[in-house]
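**Q** Quick one: structure below, then a few questions.
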Amino acid sequence: MALTKVQDEMLESPPVEASQSIAALNIDWSLGNLFYKDLSTSSTFTFSNLQDGKTISVAVRNTSGADITITLPSVIKSSTFVNVVKASNKETVFTFMRMNGKTYASSIGDMN
């Protein structure tokens, strides 16, 4: 039985990416992986330049005194999904993954 010597290799981290503010209500997947938006009213987001194999995260902060509802594009597939952003500067983080032509979503809400 022959022995194989394993060389130590330095693993590189992916480059650090700054988050992108969402212009209007369109989330352009080609601009990055991390997005944020402050909203004071219920709103509908749209997607552009969706990319298979990509995952993005979107933080939405509610700047109003009442709960707001986020409506997402119809391409989303999710069984359990929080689309209400609670009042008083609470945030919800949405994560979207595009795989095999389908977009899957999850969310974590009610964060300070």
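**Q** Go through (1) surrounded by 17 or more Cβ atoms within 10 Å (Cβ to Cβ); (2) at pLDDT 90 or above and name the single condition THR63 misses.
**A** (1)
**Q** With respect to THR92, determine if the residue is under 14 Å from the mean Cα position of the chain (by Cα), surrounded by 14 or more Cβ atoms within 10 Å (Cβ to Cβ) and polar (S, T, N, Q).
**A** yes
**Q** Is it the case that segment 28-37 has a residue that's in a loop (DSSP other than H, G, I, E, B) and either of a type in the set (A, V, I, L, M, F, W, C) or within 19 Å of LYS90 (Cα to Cα) (or both)?
**A** No: segment 28-37 contains no residue that is in a loop (DSSP other than H, G, I, E, B) and either of a type in the set (A, V, I, L, M, F, W, C) or within 19 Å of LYS90 (Cα to Cα) (or both).
**Q** So, one more: Looking only at segment 71-83, decide whether some residue is on the phi < 0 side of the Ramachandran plot, in contact with a helix residue (DSSP H, G or I) (Cβ under 8 Å, 6 or more places away or on another chain) and of a type outside the set (Val, Ile, Thr).
**A** no
**Q** In segment 12-26, what residues are at negative phi and at pLDDT 85 or above?
**A** Passing the criteria: SER19, GLN20, SER21, ILE22, LEU25, ASN26.
**Q** Still on this structure: With respect to VAL93, determine if the residue is touching a Leu at 6+ places or on another chain (Cβ under 7 Å), in a strand (DSSP E or B) and of a type in the set (A, V, I, L, M).
**A** It is false that VAL93 is touching a Leu at 6+ places or on another chain (Cβ under 7 Å), in a strand (DSSP E or B) and of a type in the set (A, V, I, L, M).
The values are calculated or read from the model by the stated rules, or taken from the named source; none is laboratory data. Since the structure is predicted, the reported quantities are computational estimates derived from the model, not experimental observations. Note that each Cβ is placed from the backbone with ideal geometry, even for glycine, and that neighbours are counted across all protein chains shown.
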